[in-house]
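Here the structure comes first, spelled out in structure tokens, and everything after it is commentary.
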Amino acid sequence: MPPANETINSHIQFIRDGIENFDSSNTAMLAVISNVCRIDNKASKVSLVALNQMIETVDPAQPLFELSYQRYAVNSFAALPLEFMDALTLRTKKYLFQQSFNYLRSFSSEKLPSPSVFETIVLFCRAEDYESAAKDLEMMAMRSLHVTNAVDRSVGDNQNMQKDQCHFLFDFLTYRIPFLHVYSKYSNIVNVLLHFSQQPANNPQNHQIYRLVEQFLMRRWNWRGCHEIITNMTVLFGVNHKENSLMRHMTNPKTFSQPVDNYQFPINPGLLKMALYSFFRAVKITGHEIIVENTLFPTIVSGFGWPEKSTTYFPKWAIDAIKTKDPASFLPNYDEIIQSVHEVARLHPSLTPHQFLIKYGEDHDPLTVYSMMAVLFRIAYTAGDTKPDITSEFYEVMEKKSPKDVVIMGTYLIDYIIADAKTQDCNEQTFKNIAKAAALLIFQWQIQRADRFLLSLIVHPTTDEDAHLCIQIANEFILTPEFQERIKWFHSNVPKKDVNPTEYIKAIVKYHDMFPEFEVCQLAVKNENVNPHLPTYYGCLIERLLPVLDQYLFVALEQQGYKLHPQILQTIALFYKYHATPIHLMYSILFTSHGKMSGPDAKSFVLTFASQIEECHLTEAFEKYNHQKTSREQLLMELIDRMSASLDFVLTPPPFVAKDWKSAELNPGAQTLYLSCIELMASPHSPETLVAAMINVMQMKPHLRPFNVINLIALLLTALPSSYAEALHEEFVAVFDNNETRNLKFEEIVFDNYEESLLLNLPNRARSINVISQNYWTHCNLSLLNSFAQEYVPKLLEHAKTEKDLWYTLRLCMPIIRRYWENWDTAKQMRSQREKFGPLFIMKLIFEKLGAMAEAGVEFVHEQHLCDLFYNCKYVFTGDFLRDTAITEFAKLPEPMRDRLKFYVSQSEPSTQQNEEKEKTPEREPEPEPAPQAPEPPAPAPQQVQHQPIQMQPMMPPPPPQPLHHLQMQHHMDFHPQQPMMAPPTPAQHQLPNMSMHQPYPGAVFHHQMQYGMPHHMHLHPQMQMQQQMPQQMHMNPMMHNMTPQQQYAYMQYMQHQQQQQHHHQPPHM
């Protein structure tokens, strides 16, 4: 190798000097040395030690930090600087990540990993993809979860360390990095379910791990985007249980308490029911069509009881599955529950504590085995305003219950509360007394957790009556002083973990000092030397309540007429300062309740929540004036301008985007789109008036980039409820009803000059409606294309009366057919559905409408172009599938159109004899002294061109019809005679009609997200542009308008030959 130049040598010397005089406080030099070091050189000895010290810098004066419940960790909080991380190479980052993992593996129960280690891992997970960073972390957590069962049979410190590791890993995954689930693999959820299908040993640590992993599942199932929720549930339950042995456990939720044939539901059924609610909301919002044949979906849905008011957004197949079961079959025996609880409460005073423990500690009586929590609730309820303490035998009985038993006892408690309330004359005071007793049970006696109590209240009821009663109890429970005290203290003293993680962890410790949550064993046996609490860095009651309150908001609105008490709304909003996806939650609530929540209630809901969400920046027109001060068009232009600005910035985001947008809930474009939808859904204006304003926006003024505005309007419509799209469809139909197409020229409908007309301030409302509709169907979910073919197109054709109406409809249909065709397994769909397949069904409807219009005496001025379009559709996708329909409908057409379409109804594959025949062309006129060259086809005489048809076999299919690009060229030449003419198709294309399958589909002319109509001749397909680059220009003669394609081809060959001979003769005229 050649010697290094002076620049390289100076760099090498600079690094050597840095190694010799290394200063660990110089992070810039440390980054340089770390990037160039190798294992066996001097730089590695310097840098690796410094990197390890940076990961966990311990304060010598105070080496340990006290976590919640007197657990101790290394006293180091500062994560690596972000600038330092960005300066490292991928190899160095990977080394640091592995070193951070070593701290999670090697620790002691008295010296847990420091918070700085976890915060450093957060930086890696945000900066790298799932496979590079988070995958190893999740796999470590899954392994530790399965090991916890095995270590219960062991003794010593190893057991405690394994449970400590499992708990702090899931605590970190669940509460610190909930965004990680976007990239996680669905197999991890299956691994957790497999763990739950086994019975964990009954000890305080397993109770804590059980509760924590429930929270993990709730976030994985509910805190995802709509498409991810659908994918997740489809992966889990979109198979037959015979193909997935684990899913056999999920088919019957009742087996959670009563196993059948060794199959037991592995988790709290309320978690899965809550996940199904999220799944159905996602299906509603996205418009997905779920294939449920041979899947577990109907079985699982029918295994639960569902309040009728909560099923308003369920898909039809789910409603059908629910109807297969009698709702009464899900109701418990309320009389039996009341009798059992009263019997245990009556016997308690007559038994000694030891007798009580023997009788109910190992109780196997199905009537009383799960009744102890309900018995304690009855004691609290009958105590009234007093707050008595309970004796230790109750705690000793509860201590003998497994994690699964505690979950079942919680649902049994809800059944008892419902049964007892039905025996009373319920009023507001009754619900306050029930909530007061529940607060005593939860916050003073600590028999139950508040999040589990609310979860059971929300998802366990199976009828509207029971659900409404439970929501009223939940309302009063949220307003209890104990509940209010905790959330208000937390909101005032705890910062957001993403903003200040160090202060967050310290504040969590103070919160648990103020409001501790004890385990039953601590209350049963007063042993100060025993600390059953596993290490907690980020979790607490407020964090656990967040996903539960999400479901509470949906159910409370459904059961209370979409109204919330202002005090409850303000209390719930305090939680959403700490929520991971608050904007998505607001959007989902407004979407599913659209048309049911009135304007003032919707605005109050949005503004109350927005006041607690830093990233929620709404417009002043909404916050101050409720969209009443300015016109609707100005309002929409402001929203569109915000969306455009959030997509176009380079480095500095606009002020209405989250400051730290790289780690925010949504990227800038999605954030402004969601917030725009939230404003419009909460607006007092109806969908009809807002859609009309969207159309009027295109008429207001010349837009600098019109199709950017069109695309943003279409994106808004796809993200809004279906009532907005229906309003747009009604506007489209109104174009026919008002006969607005009469004022449109054929060229205005077909040509792509919409943008030019806007720039020239010559807008047309009918054309704006068409272009917005086209972009809406281009951007919308593919599942909606079925409704486009089966519902929307028939409605349009029903109102079409004239030829222009038909072209106006084709202008919309052709690009959507193209999108439909490109995004489905067309061959399989066509074989299975045939004429019911979307594109074929649309073309069939068009043929039938064409025949009906012909019978009604409608005159077709542009019949040639219709015929060419139908031929091209035949060659591209319809083939012979619609031959029978074409024979029937084309017979109704005028004779010239029947003559042009006679080959459409012939078989696509010609016979061998027909293939051997060659097409004959008229003789060309004699020419003076032609130069020697390759033979050219003769040109027809003018009289022959006009009066003599081209001779060909009767059943010979025509050459591929001119694509619509050619059609557009032909019309352009009428207005621009100096434009170059397109080269004719090759003879091979004429001899092989199927070659047209490899040519650009004419529908692609319509398929533009940023253009409307047929493109300008300078924007054609690249292959066609090359064909236009002829040595000399060819000019279109008006006589060609009346020629057949074969005559045009012969005439074009003649003209090309004339120009190549450089004879500047005038072309013959008719």
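The values are calculated or read from the model by the stated rules, or taken from the named source; none is laboratory data. Quick caveat, the model's predicted, so the values are computed rather than measured. Glycine also receives a Cβ, built like all others from the backbone with ideal geometry; neighbour counts cover every protein chain displayed. Please note that ligands, DNA and RNA were not included when accessible areas were found on the heavy atoms of the full protein model with its side chains. Shrake-Rupley method; radii C 1.70, N 1.55, O 1.52, S 1.80 Å.
Looking at Thr430, Thr368, Thr411, Thr386, just one residue is among the β-branched types (Val, Ile, Thr), over 39 Å from the mean Cα position of the chain (by Cα) and open to solvent by 30 Å² or more (accessible area, probe 1.4 Å), and that residue is Thr386. Screening the candidates Glu615, Glu558 for the property of being open to solvent by 10 Å² or more (accessible area, probe 1.4 Å) and either closer than 20 Å to Phe477 by Cβ or not acidic (Asp, Glu) (or both) yields one hit, Glu558. Looking at Leu82, Leu67, Leu104, Leu51 in this structure, which one is open to solvent by less than 10 Å² (accessible area, probe 1.4 Å), more than 17 Å from Phe172 (Cβ to Cβ), of a type outside the set (Ser, Thr, Tyr) and outside the structural domain of Pro516 (by the TED database)? Result of the check over Leu82, Leu67, Leu104, Leu51: Leu51.
Conditions tested, residue by residue: (1) at negative phi; (2) out of contact with any Pro (no Cβ under 8 Å at 6 or more places or on another chain); (3) surrounded by 16 or more Cβ atoms within 10 Å (Cβ to Cβ).
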| position | (1), (2), (3) |
| --- | --- |
| Ala645 | yes, no, yes |
| Pro653 | yes, no, yes |
| Ser676 | yes, yes, yes |
| Ser683 | yes, yes, yes |
| Thr689 | yes, yes, no |
| Glu726 | yes, no, no |
| Ala734 | yes, yes, no |
| Thr741 | yes, yes, yes |
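With the structure loaded, tell me whether Glu393 is of a type in the set (Asp, Glu), on the phi < 0 side of the Ramachandran plot, in contact with a His (Cβ under 9 Å, 6 or more places away or on another chain) and not in a loop (DSSP other than H, G, I, E, B) or whether it fails that test. Yes. Taken together, the residues in segment 61-112 that are in a loop (DSSP other than H, G, I, E, B) and of a type in the set (Val, Ile, Thr) amount to 1. For segment 114-141, name all the residues that are of a type outside the set (Val, Ile, Thr), in contact with a Ser or Thr (Cβ under 9 Å, 6 or more places away or on another chain) and open to solvent by less than 50 Å² (accessible area, probe 1.4 Å). The answer is Ser114, Pro115, Ser116, Phe118, Glu119, Phe124, Tyr130, Ala134, Glu138. Selection of segment 85-101 for residues being closer than 17 Å to Tyr537 by Cβ and either of a type outside the set (Gly, Ala, Ser) or open to solvent by 10 Å² or more (accessible area, probe 1.4 Å) (or both) yields only Phe101.
With respect to being more than 21 Å from Ile473 (Cα to Cα) and of a type in the set (Lys, Arg), Arg544 falls outside the description. For segment 317-344, the candidate set comprises residues that are polar (S, T, N, Q) and either within 19 Å of Pro253 (Cβ to Cβ) or crowded, with 16+ Cβ neighbours inside 10 Å (or both); within that set, the residue that is nearest to the chain's Cα centre (by Cα) is Thr324.
In summary, helices (runs of 4 or more DSSP H) completely within segment 595-675 and bearing 2 or more residues that are in contact (Cβ under 8 Å) with a residue 40 or more places away in the chain and closer than 23 Å to Leu569 by Cα occur at 599-610.
Scan segment 785-813 and report the pairs whose first residue is in contact (Cβ under 8 Å) with a residue 40 or more places away in the chain and crowded, with 21+ Cβ neighbours inside 10 Å and whose second residue is outside any helix (DSSP H, G or I) and among the small types (Gly, Ala, Ser), with Cβ atoms within less than 6 Å and a gap of 6+ or a chain change. The qualifying pairs are Leu806/Ala800. Taking segment 1-25 as the range and being assigned to a loop (DSSP other than H, G, I, E, B) and either open to solvent by 70 Å² or more (accessible area, probe 1.4 Å) or in contact (Cβ under 8 Å) with a residue 12 or more places away in the chain (or both) as the test, the residues that pass are Met1, Pro2, Pro3, Asn5, Asn21, Phe22, Asp23, Ser24, Ser25. Scanning segment 869-884 for residues that are modelled with pLDDT of 90 or more and open to solvent by less than 10 Å² (accessible area, probe 1.4 Å), we see that the one that is nearest to Trp807 (Cα to Cα) is Leu869.
None of Thr741, Thr672 is farther than 30 Å from Glu798 by Cα, touching a Lys or Arg at 6+ places or on another chain (Cβ under 9 Å) and among the β-branched types (Val, Ile, Thr) except Thr672.
Just so you know, in segment 435-472 the residues that are of a type in the set (Val, Ile, Thr) and crowded, with 23+ Cβ neighbours inside 10 Å include one that is modelled with the lowest pLDDT, and it is Ile447.
Remark: Tyr576 falls outside the filter, which requires a residue to be open to solvent by less than 10 Å² (accessible area, probe 1.4 Å), of a type in the set (Phe, Trp, Tyr) and over 31 Å from the mean Cα position of the chain (by Cα). Scanning segment 222-240 finds no residues that are at pLDDT 75 or above, open to solvent by less than 10 Å² (accessible area, probe 1.4 Å), among the charged types (D, E, K, R) and assigned to a helix (DSSP H, G or I). The helices (runs of 4 or more DSSP H) found entirely in segment 731-824 that carry 3 or more residues being closer than 25 Å to Gly838 by Cβ are 765-779, 793-799, 803-822. Using the structure shown, decide if Phe860 is part of a loop (DSSP other than H, G, I, E, B), open to solvent by less than 40 Å² (accessible area, probe 1.4 Å) and in contact (Cβ under 8 Å) with a residue 40 or more places away in the chain. The answer is yes for Phe860. Filtered by the rule that a residue be modelled with pLDDT of 70 or more and open to solvent by less than 10 Å² (accessible area, probe 1.4 Å), segment 190-205 gives a lone residue, Val192.
A quick yes/no check of all residues on (1) assigned by the TED database to the domain that holds Ile434; (2) among the charged types (D, E, K, R); (3) under 15 Å from Val555 (Cβ atoms); (4) touching a residue at least 40 places away in the same chain (Cβ under 8 Å):
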residue	(1), (2), (3), (4)
Leu455	yes, no, yes, yes
Thr462	yes, no, yes, yes
Ala467	yes, no, yes, yes
Ile473	yes, no, yes, yes
Leu479	yes, no, no, yes
Phe483	yes, no, no, yes
Arg486	yes, yes, no, yes
